[in-house]
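For reference, the structure is listed below as structure tokens.
The values are calculated or read from the model by the stated rules, or taken from the named source; none is laboratory data. Just so it is clear, the model here is predicted, and its values are computed rather than measured. Here the Cβ is made from the backbone with ideal geometry for all residues, glycine too, and neighbour counts use every protein chain on show.
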Amino acid sequence: MMWCSRRALIRGAALTPLALTAADRLSRRAERYFASHGTYDHRTRAYDLHLAYDPAAGLLDGRAHVHAVAERTLRQVHLDLDLAKLSVHDALVDGVSVRPGRKGNKLVLPAPRPITAGTPFTLEIAYGGRPGPMRTPFGQIGWDRTGDPHDGTLVAAQPLGAPSWFPCNDRPDDKAEFTFRVTVPRGHQALANGTLLERSSTGSTECWTYHHPGPMAPYLAALYTGRFTHETWHARDTTTGRRVTGRNAYPVHLSRQARYDLARQPEMFETFTGWFGPYPFETYGAVVVDADLDQPVENQTVSVFGRNHVDGDRTWETLVAHELVHQWYGNSVSLRDWRDIWLNEGFATYGEWLWSEHIGEDSADTIARAAWHSLAKKHDGLRIADPGPGRIFDDRVYTRGACTLHALRLTLGDERFFAMLRAWHDIHRGTSIDTAAFIAHAGRSTPATVEPLLSAWLYDKHLPPLPPPCAESTRS
Ligand SMILES: [Zn+2]
């Protein structure tokens with residue numbers, strides 16, 4: 001299959017993080033979860049992925065153009081790639097052909113000459129094979145096939161599955177601009193993050209080009225191929241007046257259920273912009289794939305749901321809200337490290353509770369008190385700001401994280417609480433942060449001290465009591 005033609009789109013990530021000091025690099029490497037993924041030796045500005053997929057054979061033919069900057073003097077560049085299923089045929093560093101090597105699941109590219117700290121460089125990697133999900137502590141994650149017959153694909157890569165389909169620096173805080181040029185057989189479609197720029201046909205194939213300025217972490221990059229019905233919707237950002245176009249896609253046989261279950265996304269969008277501030281990206285959409293998924297995933301600008309998440313009765317609508325909230329908290333403001341996962345999941349879960357309150361079902365206070373009772377029945381507590389690598393998706397990270405925000409809301413009052421949430425996104429938009437930064441931020445939002453309250457909720461195993469309800473946060 002032919003790749004689509006290349007157009008110059010790389011402009012560098014919209015927000016480039018500051019260079020790290022050597023001490024920063026060492027301390028981040030020492031403290032982080034899943035240290036075998038990613039490197040602090042370089043940071044990425046942009047990925048430009050040319051991908052040709054043959055669904056009959058399940059074969060992916062890829063060429064990745066990576067623009068990066070050295071954080072220290074480099075004699076080799078390390079990238080994450082599932083080398084058990086994909087092989088590298090050819091590689092260039094700064095335009096010079098080099099011999100690719102490997103170290104476990106690390107692709108190692110020798111630099112033709114040392115790249116000094118702060119110097120931009122480019123990589124071009126031709127690779128291919130039959131991609132599939134990667135074995136991780138959280139099950140099989142990443143690229144997978146969908147449908148019956150298996151002629152579609154999906155990507156659900158959180159947290160460690162990005163190397164299943166492209167070579168990357170697989171750290172949640174290495175955020176970059178992305179371009180995808182995806183060639184599929186005519187009659188198939190390709191969906192990826194960001195905006196569809198171009199769709200062109202050549203003989204029996206079609207090329208779909210998407211661009212997302214990001215910045216986006218590799219685990220939030222997504223690609224879906226197959227046959228979909230599309231639906232366009234519009235919503236207004238209530239803070240800026242901007243009209244945003246959303247796009248949903250789902251298999252034809254799930255149209256009725258999916259259309260109904262996703263129908264309140266425009267209302268969510270408008271409501272959430274009121275609570276959380278301006279929507280951070282250029283577009284949004286939901287893709288339903290013809291496969292069961294354990295959980296939906298909040299890929300940036302394009303969340304994915306399994307066919308098991310649509311039933312025509314809005315049974316899983318809370319998850320539709322949850323994934324949209326992640327676009328602010330988790331994607332735009334993202335993690336320095338997976339240990340801080342409560343900053344994603346606690347916020348998105350609290351967004352579910354706020355949505356319930358908004359549509360006249362149980363109030364956030366009612367849900368928080370029920371969640372607190374169920375947490376109190378568990379024998380072992382969890383330090384949710386450092387739950388351990390194997391427990392980043394433990395239910396308690398979600399519910400105790402959301403209870404933490406509710407306790408803060410009861411302490412601050414609604415006006416200060418929502419101003420604090422909006423400012424948290426506004427100040428840290430496009431960057432990666434940690435729990436200490438959140439505690440400091442919350443502390444600045446009120447003359448009262450909230451550090452002891454937050455420390456108890458986030459760092460003690462013992463479950464603290466919820467403050468008593470106050471009138472303004474108990475609407476039902
Ligand atoms: Zn989530």
Looking at the stretch 385-396 only, could you name the residues that are buried (at least 20 other Cβ atoms within 10 Å of the Cβ) and either over 20 Å from Glu31 (Cα atoms) or within 14 Å of the ligand (Cβ to nearest atom) (or both)? Ile392, Arg396
Complete set of residues in the stretch 437-454 that are loosely packed, with under 15 Cβ neighbours inside 10 Å and either touching a residue at least 12 places away in the same chain (Cβ under 8 Å) or assigned to a loop (DSSP other than H, G, I, E, B) (or both): Pro447, Ala448, Thr449, Glu451
Here, strands (runs of 3 or more DSSP E) confined to the stretch 68-119 with at least 2 residues that are at negative phi and exposed (fewer than 15 other Cβ atoms within 10 Å of the Cβ) are 86-93, 96-98, 101-103, 106-115
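Hey, does the stretch 397-407 have a residue that's more than 16 Å from the ligand (Cβ to nearest atom), in the same structural domain as Ile439 (by TED's automatic domain parsing) and in a helix (DSSP H, G or I)?
If we filter the stretch 397-407 for residues that are more than 16 Å from the ligand (Cβ to nearest atom), which is where we start, we get 406-407.
Now drop any that are not in the same structural domain as Ile439 (by TED's automatic domain parsing), which leaves 406-407.
Next, from what is left, pick out any that are in a helix (DSSP H, G or I): 406-407.
Yes: one or more hits.
Quick check: is even one residue across the stretch 165-179 of a type in the set (Ser, Thr, Tyr), in contact with a strand residue (DSSP E or B) (Cβ under 9 Å, 6 or more places away or on another chain) and either in the same structural domain as Met268 (by TED's automatic domain parsing) or surrounded by fewer than 24 Cβ atoms within 10 Å (Cβ to Cβ) (or both)? Let's see the steps before the verdict.
In the first step, residues of the stretch 165-179 are kept if they are of a type in the set (Ser, Thr, Tyr); the result is 179.
If we keep only those that are in contact with a strand residue (DSSP E or B) (Cβ under 9 Å, 6 or more places away or on another chain) too, we end up with 179.
If we keep only those that are either in the same structural domain as Met268 (by TED's automatic domain parsing) or surrounded by fewer than 24 Cβ atoms within 10 Å (Cβ to Cβ) (or both) too, we end up with none.
Within the stretch 165-179, not a single residue is of a type in the set (Ser, Thr, Tyr), in contact with a strand residue (DSSP E or B) (Cβ under 9 Å, 6 or more places away or on another chain) and either in the same structural domain as Met268 (by TED's automatic domain parsing) or surrounded by fewer than 24 Cβ atoms within 10 Å (Cβ to Cβ) (or both).
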Here's a check for you: in the stretch 340-366, which residue that is more than 26 Å from Tyr260 (Cα to Cα) and in a helix (DSSP H, G or I) is nearest to the ligand (Cβ to nearest atom)? Asn344
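So for the stretch 368-383 (the condition being under 29 Å from Arg429 (Cα atoms), away from the ligand (no atom under 16 Å from the Cβ), buried (at least 21 other Cβ atoms within 10 Å of the Cβ) and not charged (D, E, K, R)), does at least one residue qualify? Walk me through how you get there before you give the answer.
Narrowing the stretch 368-383 to residues under 29 Å from Arg429 (Cα atoms): 368, 382-383.
Of the ones still in play, those that are also away from the ligand (no atom under 16 Å from the Cβ) are 368, 382-383.
Still in the running and buried (at least 21 other Cβ atoms within 10 Å of the Cβ): 368.
Okay, now just the ones that are also not charged (D, E, K, R), so 368.
Scanning the stretch 368-383, I find at least one residue that is under 29 Å from Arg429 (Cα atoms), away from the ligand (no atom under 16 Å from the Cβ), buried (at least 21 other Cβ atoms within 10 Å of the Cβ) and not charged (D, E, K, R), so the answer is yes.
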